[in-house]
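Inspection log for the structure reproduced underneath, given as structure tokens.
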Amino acid sequence: MRTQLLDFIPTEAQPQVDTLLAEDNLVVKVKNERKTKHGDYRQLPNGKHQITVNGNLNPYRFLITLIHEIAHFEAYNKFGRFIKPHGKEWKHTFQHLMLPFLRPEIFPMELLPLLASHFKNPKASSDTDTKLAYALKQFDEGEDKTFVFEVPIGKNFKLYNGRIFKRGNQRRKRFECVEVKTGKLYLFNPNAEVELFDEK
């Protein structure tokens, strides 16, 4: 199973990841795309620990997500189950685990400065780091998607669930978007993935 899993990450990162997984004895499953998350970690009823990662992620995002979830397990093991999911214990663990991977043999040069900046204070999701999320997206294979901040003001866009919105003004960080069907106003993170479409 581990050999199959390693096919999803950059070649140069495989030996380190293999060692990590062997030491932690984690169950890792590759899942079909889930729109609301890239991966997750949980303790199973039998006492084992399981990580899942979406199989549609590009190798760089897959690696970041996998290490993110391993950090949950290691922080849980070291500091106990009452820590905050993305609190300081997890942040320090994630930084410590990720540092050896931040090398040009593993990540493209254009990603390294963004990753270095992100890991000064890692967030619950790399998606909330707009610059990093946008840079990582450039390595996705042929998806006809875009980020909401790329949508021109006044243009309509569609979400994965079919709901249609019109892009409005930017607030400090988020974007006002009105759902066409209901007229309700929603605030979108800049890097929410949407689909542009031709309005008939």
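A few points about this structure:
- Cross-link partners of LYS31 among lysines (Cα-Cα below 20 Å; sequence separation of 8 or more within a chain): LYS48, LYS137
- Residue order, fewest to most beta carbons within 10 Å, for GLU23, GLU141: GLU141, GLU23
- Label assignment, percent of Cα pairs over 24 Å apart derived from the structure, set [x] 46; [y] 28; [z] 42: [x]
- Burial ordering of ARG167, ARG34, ARG61, ARG172, fewest other beta-carbon atoms within 10 Å first: ARG172, ARG34, ARG167, ARG61
- Estimated dipole of the chain in Debye, rounded to 20 [Cβ of Lys and Arg +1, of Asp and Glu -1, Cα centre]: 1120 debye
- Charge tally for ALA13 (other residues, Cβ to Cβ under 12 Å; Lys, Arg +1; Asp, Glu -1): -3.
- Exposure proxy order (Cβ contacts within 10 Å, fewest to most) of GLU69, GLU195, GLU89: GLU195, GLU89, GLU69
- Against the chain, whose longest principal axis comes from its Cα atoms, helix 14-24 is set at around 70 degrees.
Read the figures in this text as sums done on the coordinates, not as results from a lab. In this text the structure is predicted, and so the values were computed from the model without any measurement. When we count neighbours, we look across all protein chains shown, and the Cβ atoms used for this are built from the backbone with ideal geometry, even at glycine.
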